[in-house]
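The values are calculated or read from the model by the stated rules, or taken from the named source; none is laboratory data. All values derive from a computational prediction rather than experimental measurement. Positions of Cβ are generated from backbone atoms using ideal geometry, with glycine treated the same way; all protein chains shown enter the neighbour counts.
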Amino acid sequence: MTPEILLRYLHFISIFAIVGSLVSEHLLLKKELTRKEIKRIATIDGVYGMGALILLAVGLTLWLGGYGKPTEFYSYNFIFHIKITLFAFIGILSIYPTVFFIKNGKGDQDEFVQIPKTIFMLLRLELLLLFIIPLLAGLMAKGVGYFG
């Protein structure tokens with residue numbers, strides 16, 4: 001197996017981990033959760049975070065490491081830059097829910113905690129933006145947006 005194939009495989013697996021964990025978080029979220037349930041969501045959020053870090057590391061390696069397409073293919077494509085910006089924005093949106101889950105997972109595990117509506121909206125926005133990225137990736141792979 002070549003390094004490029006391994007990197008692309010890790011890239012896809014990390015994408016699946018990100019999507020799966022965000023969808024799981026959204027499905028488990030209720031208006032009121034016990035601290036035990038919040039702790040479970042925090043664990044899933046940890047999988048999301050690890051997936052995002054792996055995706056970022058592998059993506060940067062594919063972009064700047066010279067695997068597959070030349071670096072210029074990505075660097076001179078405005079669609080690629082939109083894709084990277086969306087990924088960063090999703091990461092920023094995830095900060096508040098992550099902090100909330102970690103902070104509120106501590107204490108009496110049977111105690112109920114009200115979940116702010118902001119958490120629901122941020123997760124939904126993350127999912128919406130996340131589902132735009134594959135469209136951008138497909139366009140980019142076809143050379144749309146290349147200005148080099």
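All told, PHE112 falls short of being of a type outside the set (Asp, Glu), surrounded by 15 or more Cβ atoms within 10 Å (Cβ to Cβ) and over 21 Å from the mean Cα position of the chain (by Cα). The listed residues are GLY66, GLY148, and the only one of them that is more than 17 Å from ILE18 (Cα to Cα), in contact with a helix residue (DSSP H, G or I) (Cβ under 6 Å, 6 or more places away or on another chain) and exposed (fewer than 12 other Cβ atoms within 10 Å of the Cβ) turns out to be GLY148. Note on segment 1-49: residues that are assigned to a helix (DSSP H, G or I), free of Cβ contacts under 8 Å to residues at least 60 places away in the same chain and farther than 20 Å from LEU125 by Cα amount to 10.
Of all the residues that make up segment 88-136, how many are part of a loop (DSSP other than H, G, I, E, B), closer than 15 Å to LYS39 by Cα and not aliphatic (A, V, I, L, M)?
Count: 7.
Of the numbered criteria (1) closer than 18 Å to THR118 by Cα; (2) surrounded by 16 or more Cβ atoms within 10 Å (Cβ to Cβ), the one HIS11 fails is (1). The single residue among THR61, THR85 that is polar (S, T, N, Q), in a helix (DSSP H, G or I), more than 20 Å from MET121 (Cα to Cα) and at pLDDT 95 or above turns out to be THR61.
The residue of segment 125-148 that is farthest from the chain's Cα centre (by Cα), among those that are of a type in the set (A, V, I, L, M, F, W, C) and under 17 Å from TRP63 (Cβ atoms), is PHE147. Would you tally the residues in segment 115-124 being surrounded by 14 or more Cβ atoms within 10 Å (Cβ to Cβ) and without any contact (Cβ under 8 Å) to a residue 60 or more places away in the chain? Result for segment 115-124: 1.
Kindly establish whether LEU56 is closer than 25 Å to GLY145 by Cα, surrounded by 14 or more Cβ atoms within 10 Å (Cβ to Cβ) and free of Cβ contacts under 8 Å to residues at least 40 places away in the same chain. It would help to see each step written out before you state the result.
Numbers: closer than 25 Å to GLY145 by Cα: yes; surrounded by 14 or more Cβ atoms within 10 Å (Cβ to Cβ): yes; free of Cβ contacts under 8 Å to residues at least 40 places away in the same chain: yes.
Yes; evaluated as a whole, the condition is true for this residue.
Check segment 25-45 and report whether any residue there is of a type in the set (Gly, Ala, Ser) and surrounded by fewer than 17 Cβ atoms within 10 Å (Cβ to Cβ). Looking for residues that are of a type in the set (Gly, Ala, Ser) and surrounded by fewer than 17 Cβ atoms within 10 Å (Cβ to Cβ), one finds none in segment 25-45, hence no.
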